[in-house]
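Down below is the structure, laid out as structure tokens.
The values are calculated or read from the model by the stated rules, or taken from the named source; none is laboratory data. If you're wondering where the values come from, they're calculated on a predicted model, not measured in any experiment. Reconstructed Cβ throughout: ideal geometry from the backbone, glycine too, with neighbour counts over all protein chains shown. Areas reflect the complete protein model, heavy atoms only, side chains present, ligands, DNA and RNA absent. Shrake-Rupley method; radii C 1.70, N 1.55, O 1.52, S 1.80 Å.
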Amino acid sequence: MPDGINTGIGASVTRVEDYRFLTGQGTYTDDINRPGQAYAYILRSPHAHARINGIDTTAAGAADGVVAIYTGADMQTGGLPCGWLIHSRDGSPMHEPPHPPLAQGKVRCLGDQVAIVIADSLSQAKAAAELIEVDYDVLPAVVDMKAAAGGGTLVHDDIGTNVCYDWVIGEEGDVDAALAGSAHVTEIDIVNNRLIANAMEPRAAVSDFDRATGEYTLYTTTQNPHVIRLLMGAFVLSIPEHKLRIVAPDVGGGFGSKIFHYAEEAILTWAAGKLARPIKWTAERSESFMTDAQGRDHVTTAKLGLDANGKFTALKVETMANMGAYLSTFASSVPTYLYATLLAGCYTTPVIFANVKAIFTNTVPVDAYRGAGRPEATYLLERIVNKAAKEMNLDPVEIRTRNFIPSDAFPYQTPVALQYDSGDYMATLKRAQELHDTAGFAARRAEAEARGKKLGLGYSTYLEACGIAPSAVAGALGARAGLYESAEVRVHPTGSVTIFTGTHSHGQGHETTFAQLVSERLGVPLENIEISHGDTNRVQFGMGTYGSRSLAVGGVALDKALDKIEAKAKKIAAHILEASTEDLEFNDGNFTVAGTDKAMAFGEVALAAYVPHNYPIDEIEPGLDEQAFYDPANFTYPGGCHICEVEIDPATGVTEVTKFTAVDDVGRVINPMIVAGQVHGGVAQGIGQALLEEAIYDPEGQLLTGSYMDYCMPRADNLPSIQVAHETTLCTHNSLGVKGCGEVGAIGSPPAVINAVLDALTDFGVEDIAMPATPARVWQAIQDAKA
Amino acid sequence: MPNLSMTVNGKAVQGEVEARTLLVQFLRENLDLTGTHVGCDTSQCGACVVHVNGAAMKSCTMLAMQAEGAEVTTIEGLADGDTLHPMQEAFRNNHGLQCGFCTPGMVMSAIDLVNRNPNPSEEEIRDGLEGNICRCTGYHNIVKSVAEAARVMGS
């Protein structure tokens, strides 16, 4: 390793990006200003459902500083597309109602875009927006999914239904027969609460248009700039890629909510072209609450069949998933291919059937939020497994271990399409029990009891699929894009290296982890490696960062490009050292000829590649710059065990997580410090879902949780320290053996928390509680059980 | 528009602002000190915390005019050349930041916390950071960072 310091795979290297963030030198979208920039304010619908009879902008247009006001009548472009086509059980394609960037005669959710006001200053734009008169006919709103599914008020009149699709997986007849023949059937009704991602940086955009070249530039808070370029350019604005540059600079968190192509991006880009002037828009937090795509929101009924020994015989699931008012970019895939295909979990359930109905409502769109579908599947499974254990008088650990896929059964084909490549669920369970000291729980519980408190212990043994994904498989399942990733390794003449990756880092630390991969392979010190991401004019192509795919797909693409660099460098070195490539070894940045003292440093090879005086010019071209696209053969399958301990004050319902242990199998770990950080953050969001967070609409479609005073974000004093460890099985189908770690925390943790809460409340006879288990809900559950 | 002068990061600055200008707007827009962030509109998130006359202050809760004549320190003013403040160094050593957006406010709040309580317990750190929201880290490594910085700052 360079200078004797390990900066390669497995080293907890401190992050390259931290210096700029810690000194206030990060460049987020709102930090960017363009010469002559104007400011935009988006006038939004105050109603969840209304017909627009007219918009009078006369007074507003005459207000101080106003540059332009545009409404839907002005902006006649394509609509925002959905990236995944789902087919209903009858073979018909899902309903895809138009999603205009600016409302066309109707608004369908609170915050829907009605007009854009562009002025010399933001305060002028806001003041002018106050003068716009919109004549609304307020219509009844449909907010509740069950009511929406039944018809009545329609979100989109012309499709005649609020059911977007009615999709199934598995053979219903087989599952019904297996359930009928089961010794016991456990039933559960479960709600996965609606959440708001709340990345700390609100969405923002700065658009620009260059009259001389005809090129549009959009700086935007996105997790996938190339995807935005493709969707906005091809579907909404008809701007070809070579005239459209998307830059995602430093982005302050995403958690899924910044994957999607948002209306404001298209409106700003279009308006910059109209005005030939840069325009800036930054969401206020209340706008983020109203308009960022939200997450989860499933209502599910399920039946789990068991034989007399507690072995699972069948699982039947009926789920309604809220789509909101329009289909967001990946919305349709979340409750289908990212949810129902995970319903085997880490268990050997032989037959599974799921029916998912996606429902339109007059609420903001719902799409992927950290975990996306997999937390919903995990929550369902881990709750119903616990319930079954209780009903069959089995220990919750015993029922799990009786049903685990054994570690020697891989590759394992599930009944719901996926084939798991590797895992050892017993190993993660055992390690978690040791770390958590579950053996000491009884004593801790007795101690709490003596203080009048109720202690509970809850398990979640989860599995997820990530590293999205094999393009052919995704395409067969309805994806309208490929899901490969690309990387370019540009070795400069003096031996420093720039990596171009199509993934995007918005907190994950790619500038460090990816540099470690390069350092490990080429022996180049970290300070001589630059990771470039987020700019479509610098990076060749990419599908971006979501689904824990950056390392498992983008990192492997980088590994492939490094293979090519190493192979070419070896030919150059072999030529100069007058040896055959077979005799050459490459270690710690040096090519050596086996059995001799002949050697050449990687930097010297780089120089030779650009100054090819003594060079195998007949065989290879000058230069040292290689690119690779990697399309994985399968998803990756992280899994693990989360154990949560809660202490409840039965007098008040106040619930405190006192101990939390996460043992995850994320495959090979490149930077343990960063991986632990990802798990901490995911678990915090999972605890948030279980105990604190919920997006609530009133029956008129008004968002009641529209600020940090109403939506309960986890704060430092709501959370415990989190114990994190790994038990590793390697991914068998990628060259790094990596699986992905970004979502495991948010996927595994919520059921562990709720199972702990229910365990704590056992003495009171409480058998169910909804997320978030707030003090009021816990207290009420205790009172109801007593009554 | 009223004139305004104050000391920011040790330098005398002045500017013309509308009376309604918030301190955070003056810092970001007039002085181009964009390290101080705006993460909410209800003074809940703490991304905008700076020091005003040595004490942590949410710069979105204060008019720029109210800082007339004050000594203001922002995240840009903490490091001594290339030498990071012990709190910045501790955040780096302990992976106390991910996306970096809450970080400036978090660091400024944490310094004030340690200034007021040089030897905080884990519980005191968690309580003391209640006014700063982080969505990435789960606070685990932030708490470790503050504890380490407190040890360094006290020695």
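What the table below lists for this structure:
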{"read-out": "Evaluated at q = 0.05 Å⁻¹: base-10 log I(q)/I(0), Debye formula over Cα of the protein assembly as shown", "value": "-0.29"}
{"read-out": "Spatially proximal lysines relative to residue A:126 (Cα-Cα < 18 Å; intrachain offsets below 8 disregarded)", "value": "A:280"}
{"read-out": "Spin-label pair residue A:696/residue A:563, simplified geometry with 7 Å Cα→Cβ offset, distance in nm", "value": "5.4 nm"}
{"read-out": "Cα pair distances of region B:3-77 binned at 5 Å [whole percent]", "value": "3, 18, 33, 29, 13, 3"}
{"read-out": "Tensor-based shape of chain B (alpha-carbon gyration tensor, a/c under 1.5 rounded, otherwise prolate or oblate)", "value": "prolate"}
{"read-out": "Residue-count net charge about residue B:128 - beta-carbon cut-off 13 Å; Lys, Arg +1, Asp, Glu -1", "value": "-4"}
{"read-out": "Cross-link partners of residue A:146 among lysines (Cα-Cα below 27 Å; sequence separation of 8 or more within a chain)", "value": "A:106, A:303, A:316, A:357, A:387"}
{"read-out": "Loop-located trypsin sites (Lys or Arg not before Pro) in region A:182-223, at most 10 other Cβ atoms within 10 Å (DSSP)", "value": "A:211"}
{"read-out": "Rg and Dmax of region A:167-261, Cα atoms only, in Å", "value": "22.8, 75"}
{"read-out": "By average C-beta atoms within 10 angstrom, highest first, the peptides A:588-600, A:278-290", "value": "A:278-290, A:588-600"}
{"read-out": "DSSP-defined beta bridges in chain A - what % are antiparallel, rounded to 5", "value": "80 percent"}
{"read-out": "Heavy atoms of residue A:779: accessible area, 1.4 Å probe, square angstrom to 10", "value": "100 Å²"}
{"read-out": "Three principal axis lengths of region B:86-154 [C-alpha, angstrom, descending]", "value": "28, 22, 17"}
{"read-out": "Residue A:446/residue B:117 FRET efficiency (R0 41 Å; Cβ-Cβ; nearest 0.05)", "value": "0.75"}
{"read-out": "Shielding by other protein chains, A:670-679, mean Cβ within 10 Å", "value": "3"}
{"read-out": "At R0 = 41 Å, FRET efficiency that the Cβ-Cβ distance of residue A:730 and residue A:147 yields, to 0.05", "value": "0.25"}
{"read-out": "Highest-first arrangement of A:326-338, A:53-65, A:37-49, where packing means the average Cβ count within 10 Å", "value": "A:326-338, A:37-49, A:53-65"}
{"read-out": "Backbone N within region B:29-56 under 15 Å of label point (7 Å from residue A:709 Cα along the Cβ vector)", "value": "B:40-46"}
{"read-out": "Area accessible to solvent at residue A:171, 1.4 Å probe radius, in Å²", "value": "120 Å²"}
{"read-out": "Estimated vicinal HN-Hα couplings, Hz - region B:150-155 in sequence order (Karplus 6.51, -1.76, 1.60; Gly, Pro = x)", "value": "4, 4, 5, 5, x, 8"}
{"read-out": "Average beta-carbon neighbours from other chains, 10 Å sphere, peptide B:84-93", "value": "3"}
{"read-out": "Length released on extending from residue A:158 to residue A:242, taking residue separation times 0.36 nm less the Cα-Cα span", "value": "26.6 nm"}
{"read-out": "Mean separation of Cα contacts under 8 Å (6+ apart) over length of region A:314-466, as relative contact order %", "value": "27 percent"}
{"read-out": "Kyte-Doolittle mean at least -0.5, axial Cα span of 27 Å or more - DSSP H helices of chain A", "value": "A:556-577, A:672-691"}
{"read-out": "Pairwise centroid distance, computed over Cα atoms, of region B:64-112 with region A:170-202, Å", "value": "46 Å"}
{"read-out": "Per-residue average of Cβ from other chains inside 10 Å of B:28-39", "value": "4"}
{"read-out": "Percent antiparallel among DSSP beta bridges (both partners in region B:3-77, rounded to 5)", "value": "85 percent"}
{"read-out": "Highest to lowest packing among A:385-394, A:550-559, scored as the average C-beta count within 10 Å", "value": "A:550-559, A:385-394"}
{"read-out": "Relative contact order (percent, whole number), region A:715-787, Cα cutoff 8 Å, 6+ residue spacing", "value": "18 percent"}
{"read-out": "Spatial separation of Cα centroids for region A:289-320 and region A:354-400, in angstrom", "value": "4 Å"}
{"read-out": "Solvent-free Debye scattering, log10 I(q)/I(0), computed from the Cα coordinates of region A:13-121 at q = 0.15 Å⁻¹", "value": "-0.85"}
